[in-house]
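Report on the structure given below.
The values are calculated or read from the model by the stated rules, or taken from the named source; none is laboratory data. Only a predicted model underlies this, so the values are computations on that prediction, with no experimental measurement involved. Cβ placement follows ideal geometry from the backbone for every residue including glycine, while neighbour counts extend to all protein chains displayed.
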Amino acid sequence: MKTPRSTFFAALAISLAVTGCSGGGKPGGVTETIVDFRPTEASLAEGRAVMKLRFTNENVSPLGFSSSTHKLYLNGSYVGKAVGDQPFGIPPLNSVTQDETVHLENVALVRQLMASRDTQTAAYRLESVLFQTIYEDKYQIKIQANGSVDLRESATAVK
């Protein structure tokens, strides 16, 4: 039965159009956090890590994004960038998680943080841009998140 699916996509398009008309095309109430950060021995040597992100939609309307970019800073220093090229949606008043591959540009810092026995966590800053396409209009939603990420499990994976 195509009616529920068609209704969902129609509601999504209308909600994005309405959200896009208010506030200059930038919906409020979208947050993100790093749930997990895992370089592995093989990927750390190549300068890659997997970062699990949780996106939360605090709106009563669903949101859809065509792609995203993320710049990661650990303890105040730039570490690398991730580019998400897969479209994703966030249901109203709900969360979704996405795994993103971070291309590390400061591998030495990541190794140092993970090797430090005194450090169990690292402070992060994540600067993201979420891209939306509504009809022929393109929008960029900028989000900045701050928090801490647990490095204990990542350190055991690398050793």
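Below is a table of values for the structure above.
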item	result
Qualifying position, being under 14 Å from Thr33 (Cα atoms) and touching a Leu at 6+ places or on another chain (Cβ under 8 Å), among Gln120, Gln144	Gln144
Selection count, the range 49-103, where residues are under 16 Å from Val149 (Cα atoms) and among the aliphatic types (A, V, I, L, M)	8
Counted residues, the range 67-94 - those being buried (at least 18 other Cβ atoms within 10 Å of the Cβ) and farther than 14 Å from Val107 by Cα	5
Flag for Leu113 being surrounded by 15 or more Cβ atoms within 10 Å (Cβ to Cβ), among the aliphatic types (A, V, I, L, M) and not in a strand (DSSP E or B)	yes
Residue, modelled with the lowest pLDDT, within the range 85-122, restricted to residues that are more than 18 Å from Gly29 (Cα to Cα) and among the β-branched types (Val, Ile, Thr)	Thr119
Strands (runs of 3 or more DSSP E) within the range 25-81 that include 2 or more residues modelled with pLDDT of 95 or more	30-38, 48-57, 67-74
Flag if Thr97 is in contact (Cβ under 8 Å) with a residue 24 or more places away in the chain, surrounded by fewer than 15 Cβ atoms within 10 Å (Cβ to Cβ) and over 26 Å from Arg152 (Cα atoms)	no
